[in-house]
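Down below is the structure, laid out as structure tokens.
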Amino acid sequence: MQRRGFLKAAGGAALACAFAPRWSHAQPPLRFADMHAHLRFKQGETMRTFMAAGGMLVVAEKVIPDSGFTAWSRMREVWEASREARPGALRQNFDRQFVQTLERIRKQGLATIDSVASLDRVLKERVPAIVLASEGADFLEEDLAYLANVRSRGLVHLQILHYRVSDIGDISTEEPKHGGLTAFGQRVVRECNRLGILVDVAHATSAGITQVLDLSSKPVIYSHGHVAAAIPTRWMGGVPARAIHAPLARRLAEKGGVLGLWPLWNAYPNLNLYSDELMRLADTYGPGHVGIGTDMDGLGKSTLPSYVEFSQLPEYLAKRGLNDAGIEGILGGNYLRVLRQALSVA
């Protein structure tokens, strides 16, 4: 049993206390955090009301620079690059989505987290908040200075790869060309540390994840996926190829990072089975290193189709013997801990 290890995680106990619920008769307490979502795709309701219905305090909302440049392959059962991007197209795509997301956040009265001070305010005042994130760093187009530009505009969570083998590096679902990260991709990781941006290794190959762990001076996250005993390869198909290999999951946890479990319906068709897997990960890697990336509105059929289902998980985890600190960590506190560490720069 490694559940007690959560209490030894740096800042874990203190953050769990800060993250504890404040009950309200008007709505569920805002207490949870989602490491990976696409709420801008939700139709017929606002991000704010969707979050509030399930007590969601913080959501890492991803923009998708390669949107429109990828397509679903029925033969391979994976999303893949469908056309080349002309110079400037990915950046234009990113900027358009980023501006739209910021405007939507502003209109709905949501807070954004772009500093330790803003994170502290959200935790103190229970203001529903968005972490601005990108699913892919290829919008940089080998211009490292542009990373500082987007950081100044509020981007604080960067998943460096998505569905294109790019000037950043290889992806888990395609034939590798770079042996992991490119030289530019390695520079991006170091610059994220310097600027105060959380690095996310979802979609990366094992070689790429290894390089990120070698390079990063801060904890990193694997925001959405699953852990596999076998070495993931592209030949396995979309979902199996997306896993993080167990030895790398352990190394990521040992460096203070967080593993985000996907609520894949075909793998975990109900909350009981999903909670079982959360507990398996907690027992194996420590509850201070497990989180949830729902991939909301990006997953199709999901075990967590809304945050209402998410808000039921404390009961499921408590029945499995996890203490309050462990529950609060897995359901958001762990993510906010590593986000705080990323944001803390000299």
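Being free of Cβ contacts under 8 Å to residues at least 12 places away in the same chain, aliphatic (A, V, I, L, M) and part of a strand (DSSP E or B) is the filter here, so list the residues in the range 32-83 that pass it.
Ala71
What tally of residues in the range 276-297 results from selecting those that are touching an Asp or Glu at 6+ places or on another chain (Cβ under 9 Å) and in a helix (DSSP H, G or I)?
2
Working only within the range 285-318, note down all residues that are in contact with a Leu (Cβ under 8 Å, 6 or more places away or on another chain) and modelled with pLDDT under 95.
Met296, Asp297, Leu299, listed by residue number.
Which condition does Ala71 not pass, out of (1) at pLDDT 80 or above; (2) touching a helix residue (DSSP H, G or I) at 6+ places or on another chain (Cβ under 7 Å), if it passes all the others?
(2)
Please list, ordered by residue number, the helices (runs of 4 or more DSSP H) wholly in the range 84-157 having 2 or more residues that are within 20 Å of the chain's Cα centre (by Cα) and among the β-branched types (Val, Ile, Thr).
Counting at least 2 such residues, we get 89-107, 116-125.
Do we have Leu281 as of a type outside the set (S, T, N, Q) and within 30 Å of Thr70 (Cβ to Cβ) here?
Taking the combined requirement at face value, the residue satisfies it.
Suppose we filter Leu281, Leu317 for residues that are free of Cβ contacts under 8 Å to residues at least 60 places away in the same chain and touching a strand residue (DSSP E or B) at 6+ places or on another chain (Cβ under 9 Å); which single one remains?
Leu281
For the range 298-321, how many residues are among the aliphatic types (A, V, I, L, M), surrounded by fewer than 24 Cβ atoms within 10 Å (Cβ to Cβ) and in a loop (DSSP other than H, G, I, E, B)?
Here the count works out to 1.
Going residue by residue through the range 264-284, is there one that turns out to be buried (at least 19 other Cβ atoms within 10 Å of the Cβ), touching a His at 6+ places or on another chain (Cβ under 6 Å) and at pLDDT 95 or above?
Checked against the condition, which is being buried (at least 19 other Cβ atoms within 10 Å of the Cβ), touching a His at 6+ places or on another chain (Cβ under 6 Å) and at pLDDT 95 or above, the range 264-284 yields no hits at all.
Looking only at residues in the range 74-94 that are at pLDDT 90 or above and within 29 Å of Gly291 (Cβ to Cβ), which one is surrounded by the fewest Cβ atoms within 10 Å (Cβ to Cβ)?
Restricting to residues being at pLDDT 90 or above and within 29 Å of Gly291 (Cβ to Cβ), the top hit is Asn93.
The values are calculated or read from the model by the stated rules, or taken from the named source; none is laboratory data. Note that this is a predicted model, so its numbers are computed, not measured. Ideal geometry is used to build each Cβ from the backbone, glycine not excepted, and the neighbour counts take in all protein chains shown.
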